[in-house]
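Report on one structure; see the data block that follows.
The values are calculated or read from the model by the stated rules, or taken from the named source; none is laboratory data. Just so you know, these numbers come straight off a predicted model, no measurement behind them. Note: ideal-geometry Cβ built from the backbone for every residue, glycine included; neighbour counts use all protein chains shown. Please note that ligands, DNA and RNA were not included when accessible areas were found on the heavy atoms of the full protein model with its side chains. Shrake-Rupley method; radii C 1.70, N 1.55, O 1.52, S 1.80 Å.
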Amino acid sequence: MHRGAQGFVEFASEEADVKGHIPIYVYDRLDEPTRGMLEENLAYAEGGETAVTFATGMAAISAALGITSKAGTEIVAHHTLYGCTYSLVTNWLPRFGITTKFADLRDERSFKDAITKRTRVVYFETPVNPTLDLIDIALVRRWMDEVWPGAEEKDRLLMIVDNTFATPYCQRPLALGADLVAHSLTKDIGGFGTDMGGAVIGPLKFHAPLLMYRKDFGGVLAPKVAWSILVYGLPTLATRMVNQQKSANKVAQFLEQHRQVASVHYPGLESFPQHELARRQMTSYDGKFAPGSMVYFVLKGAEQAATEAADRFMDYIANHAYCVTLAVSLGQLRTLIEEPYSMTSSALPPEVKRARGLMPGGIRLSIGLEDWHDIIHDLGTALEQI
């Protein structure tokens, strides 16, 4: 009984002296060794002091925002977000008295106009889902520190970055000034499309609050899932990303030259508007340019024409493609394709989507491990049908 009681005393306790001490595991929802090994590896991969895993990426995002915000405080977020994150901050957090302002975090004036005394958190994705716009992490950190110079630690603005698209192989936001990093482990880190998971990584001071949040809200990563990501997903991340990036560059170059394509967004292209920032911010562990495996392209035509073209294109892919799969996930062995306007960003009102660069005819492509010749063949054949 005493050992069990001590386990509860030590759990998520800042006072307990547990250095060099084997944890007492009393209940799977609190802590568990397989999950702990994965968390140790994830923290190392991102350059953080601690990591806490969750059942999904959205559970991780909810936790990151949940421990850094409270009733009466405000989040400033980039104006383009993953649809479910947008729904979280506009539909659910307001019920707890937490509001969100949207700004263009590529623009200093837009950012500073959005900040108020109630602001506690600055939240964004980079690359942004699905447009692949980049946010300069180090620059935004500097803007944040200029808002209230010399502020006490409790009043300091906190930066949370969703690093799912880039992965820690391509980008490590903590080294650039982020306070917390969130991941959907379902994507590239898991890599095989077989399991769901999420993680929040950052300084040790956030470890106990994250554990307590996970315990009470219940979004706990299953040990069997943790084992798969630990043994298969994370160790193969670098190998997969190197190959996927090579193919992504070939595919992006092909699309850029195609007569049916109006624009292609891929950080690896020299024509990418933020190519210089991409080269500076998106680097592998050995300092090489690592632009990732996501491509976003827009079909030609006015709104109605582009919508119809996208429908024909996606229908053909779904029915005839050899290696490109219609699916809303990303970062898997197979190349996945979707239309964000009507799928992953469907939670956003039409006027919001248009204002934030999401238009009918936009296609998101997650490059897998197929031969790039086969991927291009599938895409080229489908483009000829529109």
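Structural remarks
- Span-like helix check, the chain: no full DSSP H segment qualifies, none having both a Cα axial length of 27 Å or more and a mean Kyte-Doolittle of 0.5 or more.
- Sites TYR232 and PHE96, calculated FRET efficiency, Cβ-Cβ separation with R0 41 Å, nearest 0.05: 0.65
- With a Förster radius of 56 Å applied to the beta-carbon distance between MET37 and ALA302, the computed FRET efficiency rounds to 0.55.
- Using alpha carbons only: equivalent-ellipsoid semi-axes of the range 262-304, gyration tensor based, whole Å: 27, 10, 6
- Stokes-Einstein D for the chain, Kirkwood Rh over Cα pairs, 25 °C, 0.890 mPa s (µm²/s): 114 µm²/s
- Note on the range 43-178: Cα convex hull, mean projected area over all directions, 7.9 nm².
- The chain, relative contact order [Cα under 8 Å, separation at least 6], %: 18 percent
- Over the range 100-176: Kirkwood hydrodynamic radius from C-alpha pairwise inverse distances, Å: 13.1 Å
- Full extension of the chain between PHE289 and GLU108 gives 62.5 nm of extra length, using 0.36 nm per residue less the Cα-Cα distance.
- Area of LEU369 that stays accessible when all protein chains are in place (1.4 Å probe, Å², to 10): 80 Å²
- Inter-centroid distance (Cα atoms) of the range 303-341 relative to the range 213-259, Å: 19 Å
- By the Stokes-Einstein formula, at 1.567 mPa s and 4 °C, the range 134-272 with its Kirkwood radius over alpha-carbon pairs has D equal to 73 µm²/s.
- Extension gain for ILE22 to THR194 (0.36 nm times residue separation, less C-alpha to C-alpha distance): 58.8 nm.
- Computed from backbone phi with θ = phi - 60° and the Karplus coefficients 6.51, -1.76 and 1.60, the 3J(HN,Hα) list for the range 22-32 is 5, x, 9, 8, 10, 6, 4, 5, 7, 7, 6 Hz; x is used for glycine and proline.
- Reduced Cα scattering model of the range 58-134, Debye log10 I(q)/I(0), q = 0.13, 0.27 Å⁻¹: -0.35, -1.39
- Sorted largest first, extent of the range 163-223 alpha carbons per principal axis (Å): 32, 32, 14
- Three semi-axes describe the equivalent ellipsoid of the range 298-386; taken as square roots of 5 times the Cα gyration tensor eigenvalues and ordered largest first, they are 23, 16, 9 Å.
- Choice from ILE367, ILE24, ILE135 with maximal GNM fluctuation in the chain (Cα, 10 Å cutoff): ILE24
- For the range 78-94, putting each phi into the Karplus relation 6.51 cos²θ - 1.76 cosθ + 1.60 with θ = phi - 60° gives couplings of 4, 5, 10, 9, 3, x, 6, 5, 4, 5, 4, 7, 9, 9, 9, 4, x Hz, in residue order, rounded to whole numbers and with x for Gly and Pro.
- Within the accessible area of the range 90-181 (1.4 Å probe), percent carbon and sulfur: 50 percent
- Added length on full extension, which subtracts the Cα-Cα distance from 0.36 nm per residue, TRP143 to ASP371: 77.8 nm
- Remark on LEU326: its backbone amide H falls under 5 Å from those of ILE337, a criterion applied only to residues 5 or more positions apart or on other chains, H modelled at 1.01 Å from N.
- Diagonalising the gyration tensor over the Cα atoms of the range 221-355 and scaling each eigenvalue by 5 before taking the square root yields semi-axes of 28, 21, 16 Å, largest first.
- Note that the range 241-386 presents 44 Å² accessible area per residue, ligands and nucleic acids not counted, probe 1.4 Å.
- Only helical runs count toward this figure. For the chain, summing -39,500 (n - 2.57) over DSSP H runs of n ≥ 4 and dividing by all residues gives -11000 deg cm²/dmol at 222 nm.
- Unit charges on C-beta of K, R, D, E only; dipole of the chain, Debye: 380 debye
- Of LYS187/LYS224; LYS117/LYS215; LYS154/LYS187; LYS250/LYS300; LYS250/LYS288; LYS154/LYS353, those spanning more than 23 Å from alpha-carbon to alpha-carbon: LYS117/LYS215; LYS154/LYS187; LYS154/LYS353
- Top of PRO173, PRO350, PRO340 by mean-square fluctuation, Gaussian network on the chain, Cα under 10 Å: PRO350
- Accessible area of THR239 in the full protein assembly, 1.4 Å probe (Å², nearest 10): 90 Å²
- Model label sites at ARG280 and ARG156, defined 7 Å from Cα along the beta-carbon direction, differ in position by 2.3 nm.
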